[in-house]
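J.: Let me give you the structure first, and then I'll get to my questions.
The values are calculated or read from the model by the stated rules, or taken from the named source; none is laboratory data. Since the model is a prediction, treat every value here as computed from it, not as a measurement. As a convention, Cβ positions derive from the backbone with ideal geometry for all residues, glycine included, and neighbour counts pool all protein chains shown.
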Amino acid sequence: MMRWGLAALAATLWMDITPSSQRFNPSTAKVWGSMSGNGRIMAIDISRDGRKLVSLSSTHELTLWDFHKRAKIRTFPNPLGQTRVQMTPDGTRIVCPGNDKPWTLKVFDAQKGRELRAFSNVNYANGGFAISPDGKRVVALKTDGTVCVYDMASGDEKHQLIGRRTAEGGSVAWSPDGRHIACVGRDAVGRIFSAETGEKTGTLEGAMMISALTQFSPDSKSLLVVGPDSRLRVYDVASGRERQALDGPRGITSAAFMPGGKYLAVSCSGWIQIWDCRTWKEARRIEADRTMALTFTPDGRRLVSGHRDGTIQMWGAGGAPKPAPRPYRPGNPGYLGVTAQTESDEEKGVPLSSVEAGSAADEAGLQSGDVILKVNKVTTDTFEELRHAITDLREGDEVTITYLREGVEKTTKTKLGGR
């Protein structure tokens with residue numbers, strides 16, 4: 001098996017991403033704006049286009065917000081103020097615990113505000129459910145200890161991942177690439193399953209504790225597990241080996257990776273701690289009283305925090321949030337197969353530092369040193385803009401790439417690959 005050192009972990013989490021002046025920077029981040037809800041803000045989530053935010057409070061108030069306007073859109077009936085709320089990537093469905101019946105997981109129509117479906121006997125106390133990246137399925141930890149995957153629309157059970165009494169009281173997570181489901185149970189064993197077949201594909205090595213939080217990194221190659229001892233453990237999904245262990249603050253309430261994986265934010269009652277995933281050193285400790293929930297905006301420009309006093313704060317450097325360039329589409333994200341220079345003197349475009357052999361970029365004839373100007377009609381002046389332009393498309397989509405080679409503008413076409 002491959003041995004993963006700190007440098008390998010940093011490369012894995014930081015691949016395919018380049019910082020821009022607009023992205024979240026811990027050293028300069030300050031409160032850019034806020035919203036006020038009722039009761040303690042226990043959980044928050046943001047739609048993939050960055051336009052809607054949903055919050056769940058201790059006063060049983062589930063609220064949908066217009067994130068740009070910082071204004072309430074509507075509240076929903078009978079939620080239960082617990083530790084998780086999730087929105088489907090397209091922003092049309094909201095999933096959270098219900099309050100009118102014990103141990104019920106509810107699905108709401110975000111547009112109309114009505115309840116669509118309820119799943120019974122779900123143990124949601126410690127992040128006991130997760131939505132698939134395409135929004136079509138949900139994995140839930142049941143009160144009898146089983147872990148099941150359900151079809152969101154029909155409510156039909158697709159797979160039973162774990163039998164009775166094995167995983168009771170643990171937490172589950174679904175990888176961003178849609179391929180893996182992780183569960184850390186009461187038996188303190190971490191397991192990885194195939195989301196497609198339901199078969200177990202791996203086990204996390206080493207002694208663990210019951211997980212309070214479980215989360216995949218943005219590239220789906222690493223798994224963060226936070227136990228009640230506030231120890232942050234990062235595992236390699238493929239091998240199950242522990243890559244890194246960090247001493248977090250006492251009483252961790254939430255954790256979130258920045259899109260692209262450059263930073264990891266964790267919260268506790270007194271502050272927000274930011275870790276640099278390239279070095280696993282603390283980048284900043286922000287004083288933020290009684291922080292209960294964290295998430296990043298999909299464009300990576302804002303860190304959003306929910307607090308015990310009912311406020312939701314946005315941390316960043318200023319300017320309006322940037323929505324995703326295209327609406328959500330199901331399927332595997334497109335993959336071009338290039339890396340780019342982190343620093344460039346080019347005023348326009350993204351200079352390529354390498355092209356992966358056999359990739360879509362290779363088949364298009366792109367070379368190291370070429371400067372990509374556009375993907376279809378989308379201008380790409382930063383690698384982040386290039387990444388969004390590619391991943392907002394899907395595997396198999398044909399694209400036209402405009403680029404410079406030795407100062408001469410050229411175009412080429414190719415079909416995107418997938419991972």
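J.: Considering Arg231, Arg243, which residue is without any contact (Cβ under 8 Å) to a residue 60 or more places away in the chain and not assigned by TED's automatic domain parsing to the domain that holds Thr391?
T.: Working: Arg243 fails: without any contact (Cβ under 8 Å) to a residue 60 or more places away in the chain.
Going through Arg231, Arg243 in turn, just one is without any contact (Cβ under 8 Å) to a residue 60 or more places away in the chain and not assigned by TED's automatic domain parsing to the domain that holds Thr391: Arg231.
J.: Kindly indicate whether Gly169 is of a type outside the set (D, E, K, R), part of a loop (DSSP other than H, G, I, E, B) and either over 29 Å from Pro249 (Cβ atoms) or at pLDDT 80 or above (or both). Walk me through it before giving the result.
T.: Working: of a type outside the set (D, E, K, R): yes; part of a loop (DSSP other than H, G, I, E, B): yes; either over 29 Å from Pro249 (Cβ atoms) or at pLDDT 80 or above (or both): no.
It is false that Gly169 is of a type outside the set (D, E, K, R), part of a loop (DSSP other than H, G, I, E, B) and either over 29 Å from Pro249 (Cβ atoms) or at pLDDT 80 or above (or both).
J.: Please work out if Trp103 is modelled with pLDDT under 85 and aromatic (Phe, Trp, Tyr).
T.: Criteria met by Trp103.
J.: Just checking: which of the strands (runs of 3 or more DSSP E) contained wholly in region 344-414 hold 1 or more residues that are polar (S, T, N, Q) and not assigned by TED's automatic domain parsing to the domain that holds Arg23?
T.: Counting at least 1 such residues, we get 350-355, 398-405.
J.: So, one more: Looking at this structure, is Gln111 among the polar types (S, T, N, Q), in a loop (DSSP other than H, G, I, E, B) and either over 19 Å from Leu223 (Cα atoms) or modelled with pLDDT of 85 or more (or both)?
T.: Yes, satisfied.
J.: Only residues that are under 20 Å from the mean Cα position of the chain (by Cα), assigned to a loop (DSSP other than H, G, I, E, B) and surrounded by fewer than 19 Cβ atoms within 10 Å (Cβ to Cβ): list them for region 241-279, please.
T.: If the condition is that a residue be under 20 Å from the mean Cα position of the chain (by Cα), assigned to a loop (DSSP other than H, G, I, E, B) and surrounded by fewer than 19 Cβ atoms within 10 Å (Cβ to Cβ), then Arg278 is the only one that fits.
J.: As an exercise: evaluate Gly319 against (1) out of contact with any strand residue (DSSP E or B) (no Cβ under 6 Å at 6 or more places or on another chain); (2) on the phi > 0 side of the Ramachandran plot; (3) at pLDDT 85 or above and give the number of the one condition it does not meet.
T.: So Gly319 meets the others, but not (3).
J.: If Leu53 meets every condition in (1) free of Cβ contacts under 8 Å to residues at least 60 places away in the same chain; (2) closer than 21 Å to Phe129 by Cβ apart from one, which number is that one?
T.: Going through (1) free of Cβ contacts under 8 Å to residues at least 60 places away in the same chain; (2) closer than 21 Å to Phe129 by Cβ one by one, Leu53 breaks only (1).
J.: Looking only at region 335-388, which residues are modelled with pLDDT of 85 or more, of a type in the set (Asp, Glu) and closer than 17 Å to Leu416 by Cα?
T.: Passing the criteria: Glu356, Asp362, Glu363.
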